[in-house]
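Below is one structure; the comments refer to it alone.
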Amino acid sequence: MQQYVTLKIDDARVQAIKGASVLDAAMASGICIPHLCYVPVLKDSGACRLCIVEVVNDGRTKITASCTLNAEDGMVIRSNTERIRKLRKNIAELLVAQAPNSRAVQDIAVRCGVKEVRYPFRNDNCIQCGRCVRYCTEYSKANALGFVGRGKNRHVEFALGFRRDFCKKCGFCTEYCPMSVTPCGGSMKSGEGRLCGNCESQTATADKFTGVCVRCELGRGFGCVRQTYV
Amino acid sequence: MTALNSILKGRQSQPHLLIEVLHDVQDLYGYLPEEAMSAVAQELGVPLMEVYRVACFYKAFSLKPRGKHVFTVCTGTACHVRGAKLLIDQVKGQLNIEPGETTEDGLVTIENVNCVGACALGPVVIQNGAYCHHMTPGKLRKAIDKSRGKKKKEERAHA
Ligand code: SF4
Ligand code: SF4
Ligand code: FES
Ligand code: FES
């Protein structure tokens, strides 16, 4: 028999299957916690840190990523406090600075309330979310891609530097990469520190219904799970 | 490839021996050739990607053939404070190569690592496995000259 746990997310009592993550539980009950590296069919790696939440324990709060946090009975989670929004916005800003030309990253940044980026652009075209690597290893079982190098030299690479014949050419790595969403016309150009205004109206609505998925168009950009389930 | 086979002998299908095996391969060839990595992956049952990742992660492994003399300059915190940068500058000026490169004649390779665990003796340079403590640019220059000079003498002898 399926076992359930009951927890509180943003003051709502939520039931979740035992073993599910807090992010799963929230999404299943219609609470949108922004996320990027999370992909339903893959193991969670907690790479992007966008899905941070506050866990309240004995009156103390701890901040942690919700995709790698197991839902437990009696947990109290806050996903939309002032503090979280501020931190999340900052994280989103850093992600945009890392890959300013990615439509998906821009979309999600706007969703997190970013209107301007205060950090210098790195133009890396990869935010190291590990979606490609995890797809390749876990889903396609090809092991053609991996993270190579340490620290600031860490990057995604084929085994020994080029595409091997054990790459199954399934294309998941590119399909699920947030960099592969075609940029919209008004996207931020490199060297410009401002997100285009087209999305701001969307953010305004998202802000009004805090914590509720408003089926934002923006979600499509990064393959929000709720959008792909519909 | 027989030497490689003897390294792999008795270690088949034991992924946890990867690093040990790579160390042996590195000792054998002085670097990790592609074919050897493929063979290791095959025999140990580790994806090639994993082998490559491990090989790239540790400074102890080299993917390119190294020179006859390998100078490893420690650029860890303690050595940095004690002037490791001067040593690197010395090398760059003297050999015209960057750390991680080998001179064109294949004689000298310069590498840098972050701490070799002998901080009190810093700045440390490891010359072909031997630790040289309290290095100065002058001492390093002499050591490099010596390792290259030997070749010149040999050449003269041959001529
Ligand atoms: S196309 Fe190749 S590299 Fe990309 S996920 Fe598929 S098997 Fe891996
Ligand atoms: S290449 Fe794309 S999917 Fe892979 S880690 Fe980078 S941003 Fe993520
Ligand atoms: S979705 Fe949780 S860290 Fe990326
Ligand atoms: S920093 Fe050079 S030996 Fe530790």
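The table that follows gives values for the structure above.
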read-out	value
Check on A:N153, closer than 16 Å to A:P178 by Cα, of a type in the set (S, T, N, Q) and more than 16 Å from ligand 3 (Cβ to nearest atom)	no
Hey, B:V21 within 22 Å of the chain's Cα centre (by Cα) and either modelled with pLDDT under 90 or assigned to a helix (DSSP H, G or I) (or both) or not	yes
Test: residue in the stretch A:123-142 that is touching a helix residue (DSSP H, G or I) at 6+ places or on another chain (Cβ under 7 Å), near ligand 1 (Cβ under 8 Å from one of its atoms) and in a loop (DSSP other than H, G, I, E, B)	yes
Residue within the stretch A:72-84 that is part of a loop (DSSP other than H, G, I, E, B), among the aliphatic types (A, V, I, L, M) and under 30 Å from A:R164 (Cβ atoms) present	no
Filter result for B:V91 (over 30 Å from A:D165 (Cα atoms) and part of a helix (DSSP H, G or I))	yes
Criterion violated by A:H35 - all others in (1) modelled with pLDDT under 90; (2) surrounded by fewer than 18 Cβ atoms within 10 Å (Cβ to Cβ); (3) away from ligand 1 (no atom under 16 Å from the Cβ); (4) not β-branched (V, I, T) satisfied	(2)
Pairs with Cβ under 7 Å, 6+ apart, first in the stretch B:52-68 and at the interface with another protein chain (Cβ under 9 Å from one of its Cβ atoms), second of a type in the set (K, R)	B:F57/A:R150
Single unsatisfied condition, B:C79 versus (1) in contact (Cβ under 8 Å) with a residue 40 or more places away in the chain; (2) surrounded by fewer than 19 Cβ atoms within 10 Å (Cβ to Cβ); (3) touching a Pro at 6+ places or on another chain (Cβ under 9 Å)	(2)
Top-ranked residue of the stretch A:148-173 - restricted to ones that are away from ligand 2 (no atom under 14 Å from the Cβ) and aliphatic (A, V, I, L, M), ranked as surrounded by the fewest Cβ atoms within 10 Å (Cβ to Cβ)	A:L160
Considering residues of the stretch A:124-141 that are surrounded by fewer than 20 Cβ atoms within 10 Å (Cβ to Cβ) and free of Cβ contacts under 8 Å to residues at least 40 places away in the same chain only, the residue nearest to ligand 4 (Cβ to nearest atom)	A:D124
Index of the failed condition, A:A92 passing every other in (1) in contact with a Gly (Cβ under 9 Å, 6 or more places away or on another chain); (2) more than 16 Å from ligand 1 (Cβ to nearest atom); (3) assigned to a loop (DSSP other than H, G, I, E, B)	(3)
Subset of the stretch A:129-159 (residues that are out of contact with any strand residue (DSSP E or B) (no Cβ under 9 Å at 6 or more places or on another chain), within 9 Å of another protein chain (Cβ to nearest Cβ) and charged (D, E, K, R))	A:R150
Test: residue in the stretch B:94-101 that is away from ligand 3 (no atom under 16 Å from the Cβ), crowded, with 19+ Cβ neighbours inside 10 Å and farther than 20 Å from A:L160 by Cα	yes
Among the residues listed as A:G171, A:G113, the single one being more than 13 Å from the chain's Cα centre (by Cα), away from ligand 4 (no atom under 16 Å from the Cβ) and either in the same structural domain as A:A25 (by TED's automatic domain parsing) or within 30 Å of B:P47 (Cβ to Cβ) (or both)	A:G171
Test for B:Y52: is it away from ligand 2 (no atom under 16 Å from the Cβ) and out of contact with any Leu (no Cβ under 8 Å at 6 or more places or on another chain)	no
When residues of the stretch A:22-43 are limited to those that are in a helix (DSSP H, G or I) and out of contact with any Phe, Trp or Tyr (no Cβ under 7 Å at 6 or more places or on another chain), the one farthest from ligand 4 (Cβ to nearest atom)	A:A28
So A:E54, is it away from ligand 3 (no atom under 14 Å from the Cβ), touching a strand residue (DSSP E or B) at 6+ places or on another chain (Cβ under 8 Å) and not in a loop (DSSP other than H, G, I, E, B)	yes
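The values are calculated or read from the model by the stated rules, or taken from the named source; none is laboratory data. Keep in mind that what you see is a predicted model, and the values were worked out from it rather than measured. All Cβ positions, glycine included, derive from the backbone under ideal geometry; neighbour counts span all protein chains shown.
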